1. How big is the shadow of the Cα convex hull of segment 180-221, averaged over all directions, in nm²?
2. For an R0 of 51 angstrom, estimate the FRET efficiency from the Cβ-Cβ distance between Ala237 and Ala69 and round to the nearest 0.05.
3. Per residue, what volume in Å³ does the Cα convex hull of the chain take up?
4. Figure the gain on full extension for Asp40 and Leu173 (residue separation times 0.36 nm, minus the Cα-Cα span) and round it to one decimal in nm.
5. Taking segment 95-186 on its own, what percent of its Cα-Cα pair distances exceed 23 Å?
6. Provide the gained length on full extension for the span Glu166 to Ala125, in nm with one decimal, where the gain is 0.36 nm per separating residue minus the Cα-Cα distance.
7. Scattering from the C-alpha atoms of segment 164-240 alone, worked out with Debye: what is log10 I(q)/I(0) at q = 0.11, 0.20, 0.21 1/Å?
8. Which FRET efficiency, nearest 0.05, do Ala116 and Val84 yield, Cβ-Cβ r, R0 51 Å?
Amino acid sequence: MAIAQADAGTAAAGERPSPLVGWSENDTLVGCIGIERLADRELALTGLFVVADWRLHGIGRALVEAVVAGAPVERFRVEVEPVVAGFFGRCGFVRAADGALIREVATDPAPGDAAAAITLNGLEAAIRASWSRATSADPDEWTAENPARGQCDATAVVLRAYLGGEILVADVLRDGRRLERHAWNRLPSGLTLDLTRDQFRGGELLGVPTVQEPLLLGNARERHALLAEHVAAALAATAS
């Protein structure tokens with residue numbers, strides 16, 4: 001499938017030719033629709049055509065939606081015979097007083113919560129700002145100078161809730177000895193992300209990681225829930 005746009009037909013001197021939006025399958029044009037500007041914020045759709053063998057495959061509707069989605073105007077108009085009016089009705093067009101079919105795109109801004117979004121930098125900042133002694137698995141070793149200490153399991157669980165993917169767990173090694181376990185994230189894209197790796201400052205190395213859940217030892221559930229609550233509050237404060 002591909003959608004392409006090209007100028008079609010000839011035009012009188014000084015006039016721009018009307019563009020066509022086409023749909024191809026296997027490098028063969030099987031459908032097209034014309035566009036004509038009626039006013040500054042209004043377009044007419046003309047000459048919708050789909051090759052007979054490709055009809056009833058959704059191509060006509062896809063062409064209409066491609067134009068509506070891609071054209072930076074708010075009003076679309078089509079004048080067609082009654083036999084095909086039902087098709088445009090299913091595409092969201094309604095009958096106007098002059099008999100034409102009209103589709104208008106709403107321009108009301110979305111409510112703040114509907115259009116709210118965060119960046120990866122914002123999510124990382126919210127997580128780092130939410131670390132505390134209470135969310136650390138090693139509260140006796142946690143300090144403001146090393147805030148990532150003991151945060152790996154809770155951070156991996158919270159980050160997965162926002163970004164999906166898997167949690168990787170490996171042994172922490174130093175001088176040939178196993179010290180503890182460390183958890184971080186592998187995103188659905190395959191990218192690995194470890195926000196707490198900088199807690200290791202004594203030459204520690206990591207063993208071979210495996211996909212698994214962090215062990216829920218001690219107050220792990222409470223720590224995970226507390227970090228998730230603090231991160232959500234930090235993100236909400238940023239959004240507002």
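FYI, it's all coordinate maths here, none of it is from the lab. Source: prediction; values computed, not measured. Neighbour counts are summed over all protein chains in view; Cβ atoms, including those assigned to glycine, are modelled from backbone coordinates with ideal geometry.
1. Values: hull surface 16.2 nm².
About 4.0 nm², averaged over all directions.
2. Working: r = 34 Å, r/R0 = 0.66.
That pair, Ala237 with Ala69, gives E of 0.90.
3. Values: hull volume 57.5 nm³, N = 240.
Here the figure is 240 Å³ per residue.
4. Between Asp40 and Leu173, full extension yields 41.2 nm more.
5. On the way: 2034 of 4186 pairs.
Percent of Cα pairs beyond 23 Å in segment 95-186: 49.
6. Numbers: separation 41, 0.36 × 41 = 14.76 nm, distance 2.09 nm.
So the extension gain works out to 12.7 nm.
7. -0.38, -1.06, -1.11
8. Numbers: r = 40 Å, r/R0 = 0.79.
The value I calculate is 0.80.
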